[in-house]
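**Q** Structure in structure tokens, see below.
The values are calculated or read from the model by the stated rules, or taken from the named source; none is laboratory data. In this text the structure is predicted, and so the values were computed from the model without any measurement. Cβ placement follows ideal geometry from the backbone for every residue including glycine, while neighbour counts extend to all protein chains displayed. For accessibility, only protein heavy atoms count, side chains too; no ligands or nucleic acids. Shrake-Rupley method; radii C 1.70, N 1.55, O 1.52, S 1.80 Å.
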Amino acid sequence: MTSSLSIPTPNSTDSDASHSSHSLLQPTRSQLLSPEREVEVEVEVEVDGEEKVTWFVWLLVGAAAIGGLLFGYDTGVISGALVSIAGDLGPAELSAFQKELITSSTTLGALLGGLAAGIISDYTGRKPVLFLANITFISGALGQSLSHTLSGMVGSRFLVGLGVGLAACIVPLYIGELAPTRLRGRLVTVNVIAITFGQVVAYAIGAAFEQVPGGWRWMVGLGAVPAGVQLACLSFLPESPRILIRNDNLPDARRVLRSIYAQATDAQVDKMLQNMCASVHESVALSKQDTLFEKLKSMSTVPERRRALIVACGLQAFQQLCGFNTLMYYSASLFKAVGFDQPTAVGLIIAGTNFLFTLVALKWIDRVGRRRIMLLSSPWMVLGLVLAAVSFYFMTKSTGGYLDPNAQYSKTWSALVLFSMIIYVAAYATGLGNVPWQQGELFSLEVRGLGSSLATATNWSANLLIGATYLSLLEAITTAGTFGLYAGLCALGVVFVYLCYPETAGLSLEEVRTVFARGFGVRESRMLGREKRERREREGLGI
């Protein structure tokens with residue numbers, strides 16, 4: 001792609017940069033959305049040391065990923081809190097409906113927060129949304145710890161959900177825009193590691209306070225600590241280079257790129273900035289011609305965007321409809337019912353498995369590829385769920401198919417349930433727990449925030465459906481039937497990935513958008529990735 005944009009040198013003044021940012025010819029709407037334009041591929045700039053992560057990148061990714069820790073801590077801590085609240089909120093014991101209400105209020109807040117986050121960030125930038133997420137989460141965490149009524153707890157959980165939803169949408173989007181192309185998947189996975197680590201911390205704290213009177217208040221209140229840490233870090237985090245370019249702040253954008261690609265030459269950084277400017281200003285030109293309603297409409301009428309949205313939303317729905325978060329929300333209750341004496345501690349095994357295998361994904365997601373790692377891991381999820389359903393079927397034969405907390409179940413079947421859950425969670429953490437959060441890379445800049453919001457909202461909508469119906473499903477179709485249903489939905493997800501999800505590993509954000517130009521791009525993405533690898537090999541051999 002050619003451009004008349006002149007890039008400021010390191011000695012350029014701010015006024016020079018501002019002037020240069022407007023020298024790009026603005027294409028028309030019809031040109032931008034034409035099929036010819038869609039298949040035009042931005043040539044990625046190969047830079048020295050791109051495969052190495054600098055300390056600057058690790059620090060900013062680590063600080064941003066605290067938002068993921070908030071997400072994980074909250075989803076993990078409620079499991080232990082629900083078995084410890086007892087009569088502290090009024091009722092002598094929480095009913096199944098009241099537990100679902102407490103759990104689902106957070107998910108509803110996260111749904112609304114996730115839907116708003118990307119849309120807001122397209123106008124304000126990424127950092128202000130992170131600031132709002134932390135303030136909201138701190139307020140909700142402290143509100144929970146001070147609640148003495150069911151309504152107060154539900155309201156505070158809703159606030160926490162808003163903060164979680166804002167962070168869950170923006171953090172992977174922000175990291176994806178800052179990360180070097182070849183390491184983007186790995187660095188976004190750092191956020192998922194933070195989520196799973198937050199769940200481990202939550203279960204550990206839950207186990208520590210399980211026997212302490214009113215200990216659940218400490219469990220939920222301590223969630224304000226990481227939010228406060230990230231709030232303090234925000235002043236040191238840079239804005240996304242693409243947002244800085246959009247705001248005509250080329251000197252700062254260049255400085256951020258210089259810090260990310262520390263081993264690149266000045267010429268390489270300038271060329272990268274030039275290509276990025278060309279793409280950003282195309283997006284700005286199109287964005288200025290569209291209202292929010294027109295953007296929303298374009299997500300269904302523009303084929304490239306529609307396909308990207310189907311893939312992003314489909315993966316996020318798959319992540320939740322497989323039933324994973326029932327383990328996060330209700331694992332302590334489940335393991336207590338099957339006969340384990342320390343259910344929260346057993347839940348820690350599940351959270352620990354999730355964390356460890358997310359580290360596996362960190363190592364392999366860019367090397368193996370997003371699509372391939374999904375196709376390798378997801379069938380094991382189906383196997384784990386089927387094994388769990390079979391185990392529950394034989395375990396609960398004596399109690400009519402339903403889990404009875406007062407019954408004495410076979411330790412063999414209880415152990416097999418735990419084993420099946422470990423298989424399921426290990427497979428989930430390796431693929432499905434990570435890949436959907438790469439969603440930001442599927443959309444072009446002008447709708448990246450909006451697309452991420454819609455995909456994140458899909459995640460929380462499915463989460464709400466699962467969290468609000470799990471206990472009711474146990475009563476309606478038995479425990480074995482519930483896990484059998486999740487196995488069937490998981491199998492459908494595997495088919496969706498095979499048919500619709502292209503490989504995006506190794507492609508720049510500007511290249512990914514071209515994959516959906518003629519279809520879902522499964523074959524095209526493989527060809528583009530192969531061509532890039534061959535080009536690198538030729539250049540490495542000096543051919």
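**Q** Let me cross-check SER398: its accessible surface, 1.4 Å probe, with only protein heavy atoms counted, in Å² to the nearest 10?
**A** Its accessible surface works out to 100 Å², give or take rounding.
**Q** A further question on this structure: Accessible area per residue, 1.4 Å probe, Å², for the chain: what's the number?
**A** 38 Å²
**Q** Got a number for the accessible area of LYS297? Probe 1.4 Å, square angstrom, nearest 10.
**A** Result for LYS297: roughly 120 Å² accessible.
**Q** Right, here's the next one. Going Cα to Cα from LYS397, which lysines come in below 24 Å? Please leave out same-chain ones fewer than 8 positions away.
**A** LYS336, LYS411
**Q** Right, another one. Quick check on the stretch 242-288: take the gyration tensor over C-alpha atoms, sort the square-rooted eigenvalues as a ≥ b ≥ c, and tell me if it's rounded (a/c under 1.5), prolate or oblate.
**A** In terms of gyration-tensor shape, prolate.
**Q** Can you give me the % of accessible surface on the chain that is carbon or sulfur? Probe 1.4 Å, all protein chains present, nothing else counted.
**A** Reported share for carbon and sulfur atoms: 64 percent.
**Q** Can I ask one more? Run a plain Debye calculation on the chain (Cα atoms as equal point scatterers, no solvent) and give log10 I(q)/I(0) at q = 0.08, 0.09, 0.11, 0.12 Å⁻¹, rounded to two decimals, same order as the q list.
**A** The Debye formula, applied to the Cα set alone, gives -0.52, -0.65, -0.93, -1.09.
**Q** Right, another one. Between ALA415 and GLU534, take the C-beta separation as r, use R0 = 51 Å, and let me know the FRET efficiency to the nearest 0.05.
**A** Working from the Cβ atoms, E equals 0.50.
**Q** Okay, next question. If one takes the longest principal axis of the Cα atoms in the chain, at what angle in degrees, from 0 to 90 and to the nearest 10, does the Cα axis of helix 55-64 lie?
**A** Roughly 50 degrees between the two axes.
**Q** Which FRET efficiency value, to the nearest 0.05, is calculated for PHE131 and TRP55 with the Förster distance at 30 angstrom and r the Cβ-Cβ distance? Display every interim value, and only then the final one.
**A** Values: r = 24 Å, r/R0 = 0.81.
The computed FRET efficiency comes out at 0.80.
**Q** For LYS363, give me every one of the lysines with a C-alpha distance below 19 angstrom, ignoring sequence neighbours fewer than eight places off in its own chain.
**A** Those lysines meeting the cut-off are LYS52.
**Q** Using only Cα atoms and rounding to the nearest 10 degrees, what angle (0 to 90) does helix 250-260 make with the longest principal axis of the chain?
**A** 60 degrees
**Q** Mean separation of Cα pairs under 8 Å and 6+ residues apart, divided by the residue count of the chain: what relative contact order is that in percent?
**A** Working: 951 pairs, mean separation 126.3, N = 543.
For the chain, the relative contact order is 23 percent.
**Q** Let me ask something else about it. Can you grab the distance from the C-alpha centre of the stretch 490-510 to the C-alpha centre of the stretch 427-467, Å, no decimals?
**A** A separation of 13 Å, based on Cα centres.
**Q** Could you give each residue of the stretch 497-513 its phi-based ³J(HN,Hα) in whole Hz, using Karplus coefficients 6.51, -1.76, 1.60 with θ = phi - 60°, and x for Gly or Pro?
**A** 4, 4, 8, 10, 9, x, 8, 10, 4, x, 9, 6, 4, 6, 7, 4, 5
**Q** Where does each of GLU100, GLU537 land when they are ordered by accessible area, with a 1.4 Å probe and the largest first?
**A** GLU537, GLU100
**Q** Hey, another quick one. Mind running the shape call on the stretch 50-237? Use the C-alpha gyration tensor, a ≥ b ≥ c as the square roots of the eigenvalues: rounded below 1.5 for a/c, prolate if a/b tops b/c, oblate otherwise.
**A** Details: a/c = 2.45, a/b = 1.86, b/c = 1.32.
Here the stretch 50-237 falls in the prolate category.
**Q** If you fit an axis through the alpha-carbon atoms of helix 66-82 and take the longest principal axis of the Cα set of the chain, what angle between them do you get, 0 to 90°, nearest 10?
**A** Computed tilt is about 10 degrees.
**Q** Is the stretch 219-319 best put as rounded, prolate or oblate by its Cα gyration tensor, with a ≥ b ≥ c the root eigenvalues, rounded for a/c under 1.5, and otherwise prolate when a/b is larger than b/c, oblate when not?
**A** Oblate, since a/c reaches 1.5 and b/c is not below a/b.
**Q** Another question, then. If I model a spin label at ASP266 and VAL212 as a point 7 Å from the Cα along the Cα→Cβ vector, what separation in nanometres do I get?
**A** 5.7 nm
**Q** So how do TRP218, TRP460, TRP413 rank on accessible area, 1.4 Å probe, biggest first, that is with the largest at the start?
**A** TRP218, TRP413, TRP460
**Q** Before rounding to the nearest 500, sum -39500 (n - 2.57) across all DSSP H runs of length at least 4 in the chain and divide by the residue total; then give [θ] at 222 nm in deg cm²/dmol.
**A** Calculated from helices alone, the mean residue ellipticity at 222 nm is -24500 deg cm²/dmol.
**Q** Taking the Cβ of ARG371 as the centre, find all other residues whose Cβ is under 14 Å away and add up their charges (Lys, Arg: +1; Asp, Glu: -1).
**A** +2
**Q** Moving on. I need to check one value: relative contact order of the stretch 50-237, counting alpha carbon pairs closer than 8 Å and at least 6 residues apart, in percent.
**A** Dividing the mean separation by the residue count of the stretch 50-237 yields 41 percent.
**Q** I would also like to ask the following. Starting from the residue with the highest accessible area, list THR478, THR344, THR149 in decreasing order, probe 1.4 Å.
**A** Output order, biggest surface exposure first: THR149, THR478, THR344.
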